[in-house]
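Contents: one structure, followed by commentary.
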Amino acid sequence: MIQEELDPDKRLWEYDGDGIQIYKLECGFGTKTLWDGGHAFYMKKLVEHDQSCTSWNDRMEFWGKINGR
């Protein structure tokens, strides 16, 4: 996952008012969630893919978009 993205629109995280990195609300956590390098988002999406029984091609396409490939 791209953690060093300079463009704020392409990052999964943002800075909270006190300077702490948190996930953007668009990531679907519903509350302010501390940025952990992307692990929580990865696990959340992995579970969603498993529950939806998506194909590996769909998973690879999703992660390719997240990783900018």
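Taking the Cβ-Cβ separation of Phe29 and Gln51 as r and a Förster radius of 22 Å, what is the calculated FRET efficiency to the nearest 0.05?
My answer for the efficiency is 0.85.
Over the chain, what is the relative contact order in percent, taking alpha-carbon pairs closer than 8 angstrom and at least six residues apart?
Relative contact order comes out at 26 percent.
Per DSSP H run of at least 4 residues, take -39500 (n - 2.57); add these up for the chain, divide by its residues and hand me the 222 nm value, nearest 500 deg cm²/dmol.
My calculation for the chain gives -11500 deg cm²/dmol from helical runs alone.
Let a ≥ b ≥ c be the square roots of the eigenvalues of the Cα gyration tensor of the chain; is it rounded (a/c under 1.5), or, if not, prolate (a/b larger than b/c) or oblate?
oblate
Roughly how many debye, to the nearest 20, is the charge dipole of the stretch 8-66 about its Cα centre, given +1 on each Lys and Arg Cβ, -1 on each Asp and Glu Cβ, and no other charges?
100
Rule-based calculations on the coordinates, nothing more; no lab input. If you're wondering where the values come from, they're calculated on a predicted model, not measured in any experiment. Here the Cβ is made from the backbone with ideal geometry for all residues, glycine too, and neighbour counts use every protein chain on show.
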